[in-house]
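Q: Can you keep this structure in mind? I'll have questions shortly.
The values are calculated or read from the model by the stated rules, or taken from the named source; none is laboratory data. From a predicted model like this one, the values you see are computed outputs, not experimental measurements. Neighbour counts run over all protein chains shown; Cβ positions are idealised from the backbone, glycine included.
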Amino acid sequence: MIRRVLIVATALLSIATYAQADVLIGTPGPGDVQDCVPFGCGINSQFIFDSSYFSGPISISELRFFNSGVDSPDTFDPGTYTFKLSTSTNDFLTPSATFANNVGANVQLFATVVIAGGAIPPVFSFTGTPFNYNPANGDLLLEVDKTGAASTFSAFTDYNGPQDASFKVSRVWNTDGSATGNIDVNYGPVVRFGTGAAAVPEPMTLTLTGLGLAGFAARRLKKGRKQSS
């Protein structure tokens with residue numbers, strides 16, 4: 001019984017480590033620039049977000065994008081979209097033009113989504129397998145690869161930049177599916193990294209609960225020793 005309680009306490013403390021509010025990087029709005037990568041054009045794309053945007057470890061379970069300036073037709077480039085997340089091996093200021101050189105050892109498939117086309121709404125999101133990201137280990141990398149796409153240039157979604165040093169995001173992208181791409185620094189999509197934290201108690205509550213259970217186990221152990229002596 002004591003061992004089970006300690007295991008539960010450890011699990012709750014682990015959850016508390018990654019329970020953080022959603023993180024919005026960039027500012028949605030029609031006053032800012034829009035770009036067609038990745039939902040209207042491009043084959044391979046990577047986006048590197050500076051670790052300073054994150055106050056601590058986060059478990060990412062949703063990627064939310066914005067289309068504030070809806071144009072006509074603004075339709076998805078049809079194809080199969082593969083989303084991956086990892087800690088980037090390179091700082092956002094110095095990405096490699098070779099895609100593989102930016103991918104961290106902890107790369108994880110987040111989601112694979114088949115998009116047949118259709119109008120892009122003002123806000124749209126993708127959910128997937130939660131990715132545990134720790135900003136202490138480096139910048140965050142989001143990779144979006146497409147197969148069966150035609151680069152229709154039919155959609156432009158919210159970006160921030162370009163040449164804005166306060167927007168600490170970069171991208172590597174191509175339109176030919178090769179191993180390398182073009183580099184743009186201080187330029188990238190507006191993304192909200194969702195955690196689903198609204199359905200989880202506050203981190204402090206979890207931490208206190210975990211410590212409380214550990215303390216309870218210690219008291220049970222001490223009491224058992226007294227009874228056996």
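Q: What about residue 46, is it at pLDDT 60 or above, in contact with a helix residue (DSSP H, G or I) (Cβ under 7 Å, 6 or more places away or on another chain) and of a type outside the set (Val, Ile, Thr)? Spell out how you get there, then give the answer.
A: Working: at pLDDT 60 or above: yes; in contact with a helix residue (DSSP H, G or I) (Cβ under 7 Å, 6 or more places away or on another chain): yes; of a type outside the set (Val, Ile, Thr): yes.
So residue 46 passes the test.
Q: Is it fair to say residue 164 is within 21 Å of the chain's Cα centre (by Cα), of a type in the set (Asp, Glu) and either at pLDDT below 95 or crowded, with 21+ Cβ neighbours inside 10 Å (or both)?
A: Numbers: within 21 Å of the chain's Cα centre (by Cα): no; of a type in the set (Asp, Glu): yes; either at pLDDT below 95 or crowded, with 21+ Cβ neighbours inside 10 Å (or both): yes.
Judged against the criteria, residue 164 is not a match.
Q: Given (1) more than 23 Å from residue 117 (Cβ to Cβ); (2) not in a strand (DSSP E or B), identify the lone condition not met by residue 69.
A: Single failed check for residue 69: (1).
Q: Given the condition more than 18 Å from residue 103 (Cβ to Cβ) and in a strand (DSSP E or B), answer yes or no: does some residue in the range 159-170 qualify?
A: As a first pass, look at the range 159-170 and keep what is more than 18 Å from residue 103 (Cβ to Cβ): 159-168.
From what's left, in a strand (DSSP E or B): 159-160.
Checked the range 159-170: at least one residue is more than 18 Å from residue 103 (Cβ to Cβ) and in a strand (DSSP E or B).
Q: Let me ask something else about it. Could you say which residue among 192, 171 is within 20 Å of residue 49 (Cβ to Cβ), among the charged types (D, E, K, R) and either free of Cβ contacts under 8 Å to residues at least 60 places away in the same chain or surrounded by fewer than 21 Cβ atoms within 10 Å (Cβ to Cβ) (or both)? It would help to see each step written out before you state the result.
A: Working: 171 fails: either free of Cβ contacts under 8 Å to residues at least 60 places away in the same chain or surrounded by fewer than 21 Cβ atoms within 10 Å (Cβ to Cβ) (or both).
The conditions single out 192.
Q: Give me the pairs, please: first residue somewhere in the range 145-164 and of a type in the set (S, T, N, Q), second residue anywhere and modelled with pLDDT under 85, beta-carbon distance under 8 Å, and either six or more positions apart or on two chains.
A: 154/73; 160/32
Q: Restricting attention to the range 94-114, and to residues there that are in a loop (DSSP other than H, G, I, E, B) and not β-branched (Val, Ile, Thr), which single residue is nearest to residue 143 (Cα to Cα)?
A: Residues of the range 94-114 in a loop (DSSP other than H, G, I, E, B): 94-97, 103-107.
Those still in the list that are not β-branched (Val, Ile, Thr) too: 95-97, 104-106.
Values: 95: 13, 96: 13, 97: 13, 104: 11, 105: 14, 106: 13 Å.
The selected residue is 104.
Q: Is one or more of the residues making up the range 79-87 assigned by TED's automatic domain parsing to the domain that holds residue 56 and outside any strand (DSSP E or B)? Steps first, answer last, please.
A: Keep residues of the range 79-87 that are assigned by TED's automatic domain parsing to the domain that holds residue 56, which gives 79-87.
In the following step, the residues that additionally are outside any strand (DSSP E or B) were identified as none.
So far as the range 79-87 goes, no, none of its residues is assigned by TED's automatic domain parsing to the domain that holds residue 56 and outside any strand (DSSP E or B).
Q: Hey, any hits in the range 180-197 for a residue that's modelled with pLDDT under 95, under 18 Å from the mean Cα position of the chain (by Cα) and either of a type in the set (Gly, Ala, Ser) or more than 20 Å from residue 23 (Cβ to Cβ) (or both)?
A: yes
Q: Could you check how many residues of the range 31-51 are over 14 Å from residue 120 (Cβ atoms) and either crowded, with 19+ Cβ neighbours inside 10 Å or touching an Asp or Glu at 6+ places or on another chain (Cβ under 9 Å) (or both)?
A: 12
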